[in-house]
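The values are calculated or read from the model by the stated rules, or taken from the named source; none is laboratory data. Keep in mind that what you see is a predicted model, and the values were worked out from it rather than measured. Cβ coordinates were reconstructed from backbone atoms using ideal geometry, including for glycine residues, and neighbour counts include every protein chain displayed.
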Amino acid sequence: MRSNGKSFTFLEILTTIVILGIISFLALIPLAQWVENSKAKTCEANLRLIKHALDLYMLDHDYGPQSLSHLPKRYFSYACSQLNNKRRIIKLSGLSEYITSCSIAFAEPFIYTLAEFDLNLISCPKDNTPPTKTGGQTSYALYKGLIDMGIKRYQQLNSTVVLIGDSDEFSFNGEISELKCRHIDYLKRKRFGLGIRKDNTIVRNEISLTKE
């Protein structure tokens, strides 16, 4: 009730509800984008970890793996330790060693599978069909030209080739356009997929949300 004894009109109430709705909507956009950015950073961290594990594997075996799921578990452990060797030490159940942690944001599914010693299971947080333990696959594909490639050819490989990226397939041709666009940038109204080049540069395949 107003101080003069008159009630609010229906139009005034409706206007207030509309304004509050608009304010709430505008507040939700930054929040949703913050969540999306966090998931994208997690995906980038996964890509860097897999790439480092792949480099270690190549040095030891002088050839590339058949797929990412064929990378032995110990290389992910080595890569994790080397990437985080200046941060606090976390002891995870199921491992006989300590693995360090830094600002890299690991996806929760990866932390759980690491503790259970299932290092082949690394999931993109935006993968709607995450891998299962029985399948032993990842949310990412491997550049098919790398399969059985010798270390010398690998060292001479063009640094712009995308080695690992968002995909539902086991392998791809190393092109940015092949990356599966799982992530969303609400501010730019774009969906994008992430990949990592041989020179460790993170790249994006972007498409407009209006084209979907």
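Picking from Gly145, Gly193, which residue would you name as being at pLDDT 90 or above, at negative phi and assigned to a helix (DSSP H, G or I)? Result: Gly145 is the single residue among Gly145, Gly193 that is at pLDDT 90 or above, at negative phi and assigned to a helix (DSSP H, G or I). When every residue of the range 63-80 is checked against the conditions, none turns out to be under 23 Å from His183 (Cβ atoms), part of a helix (DSSP H, G or I), at pLDDT below 75 and not small (Gly, Ala, Ser). Applying the set (1) more than 18 Å from Phe172 (Cβ to Cβ); (2) buried (at least 17 other Cβ atoms within 10 Å of the Cβ) to Asp60 leaves exactly one unmet item: (2). Evaluate the following for Arg189: is it within 16 Å of Ser208 (Cβ to Cβ) and in contact with a Cys (Cβ under 7 Å, 6 or more places away or on another chain)? No: the conditions fail for Arg189. Taking the range 150-167 as the range and being farther than 22 Å from Thr42 by Cα and hydrophobic (A, V, I, L, M, F, W, C) as the test, the residues that pass are Ile151, Leu157. Residue selection: Asp199 satisfies the criterion of being at pLDDT 90 or above, out of contact with any Cys (no Cβ under 9 Å at 6 or more places or on another chain), among the acidic types (Asp, Glu) and not in a strand (DSSP E or B).
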